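Colleague: Structure provided below as structure tokens; questions to follow.
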Amino acid sequence: MGAGHSHSHGVSAGQNERPLWIALFMTTAFLIAELVGGILTNSLALISDAAHMFTDTAALAISLTAIRIGRRDADSQRTFGYYRFEILAAAFNAVLLFLVALYILFEAYQRLKNPPEIQSGVMLIIAALGLVINLISMRLLSAGKDSSLNVKGAYLEVWSDMLGSVGVILGALIIRYTGWAWVDSAVAVGIGLWVLPRTWTLLKASMHVLLEGVPEDVDVAEVRAAILTLPGVASIHDLHVWSITSGKSSLTVHVVLSDAAHDWPTLLASIRKMLADEFKMHHTTVQLEETPCEQDSNTHAFGPTSDTHGEHSHHSH
């Protein structure tokens, strides 16, 4: 049996703190202004936008915390390090935004039955300022959103809040020129319904990582086929692919040697190189076997097994 293990623990390029800090400062400052404005103008749409701005602020703060914690070195208690904290942060952001959207929908339903008087002028000015801040924040976060679920969560919240600001502006204009106060609640409902599906997508992606699911950019069938094409490989079993956090895939596999495989260190190196070059997997553990072990018949054998081929063990690190 040969065991090969390679790994890389670099911080992803998407986790740049500076854009997050700038976006956090702007959204926090405007959150206060928007909340006060919503209360003074009696506008649920503004309060709804402020609530989403609050989740933006929370998301950015959690994202920064996740990056700091994620950079901690692995220790004897957490041998994979703290990278998974990023996914917990993304899941928390999704749940928070989901609850806020539900509250806004409920409050809008209550107000539709008795629309209050809305001060559309102030509402319009505040929403316009909010739109500018949202656009700047989106620009700052756009570079890292594709490489980090954590940053993507923050980006989605700012993006949804940008749409909310557009909705509030349109609502303020309609109220100003028609006097239809119910439009304010209708805009709030629209914001909530627009945000919910995207929140669910982020939550589902986070749960997929937490449940050790195969990364979206990896096809297990292709990985299996690629390993089987290498000279000296008779069969493989117990293949597992998962990710610790965004962009950090891991793989373990048992490879049964063919009769023609005499130089197992070279085969081990070629398997690891192929996985790194073709599938961008740098954290891999490959176990080489002269005969299939007990786990060949059970993909998830977590119980004790009798190692009948231990006398053939070799180790390479």
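Colleague: By its C-alpha gyration tensor, with a ≥ b ≥ c as the square roots of the eigenvalues, how is segment 128-270 shaped: rounded for a/c under 1.5, else prolate for a/b larger than b/c, else oblate?
Modeller: Prolate, since a/c reaches 1.5 and a/b exceeds b/c.
Colleague: Which log10 I(q)/I(0) values, to two decimals, does segment 85-139 give at q = 0.17, 0.20, 0.23 Å⁻¹ under the Debye formula with one point per Cα?
Modeller: Ignoring solvent entirely, the Cα scatterers give -0.88, -0.99, -1.00.
Colleague: So, one more: For segment 23-118, just run the numbers: alpha carbon Rg, then divide by 2.2 N^0.38 Å, N being how many residues it has.
Modeller: Ratio of Cα Rg to 2.2 N^0.38 Å: 1.43.
Colleague: Now for a different question. How many percent of all Cα-Cα pairs in segment 75-189 sit more than 23 Å apart?
Modeller: So the pairs more than 23 Å apart make up 45 percent of the total in segment 75-189.
Colleague: Let me ask you something else. For L135 and K204, what does the FRET efficiency come to when R0 = 30 Å and r is the distance between their Cβ atoms, rounded to the nearest 0.05?
Modeller: 0.65
Colleague: Work out the FRET efficiency for R71 and A29 from their Cβ-Cβ distance, taking R0 = 25 Å, and round it to the nearest 0.05.
Modeller: 0.35
Colleague: Can you spot the aspartates and glutamates whose alpha carbon is less than 19 Å from K113's alpha carbon? Ignore those fewer than 8 places along the same chain.
Modeller: Leaving aside aspartates and glutamates fewer than 8 places away in the same chain, those within reach of K113 are D184.
Read-outs: derived from the displayed coordinates by stated rules, not from any lab. Since we're looking at a predicted model, the values are computed, not measured. Note that each Cβ is placed from the backbone with ideal geometry, even for glycine, and that neighbours are counted across all protein chains shown.
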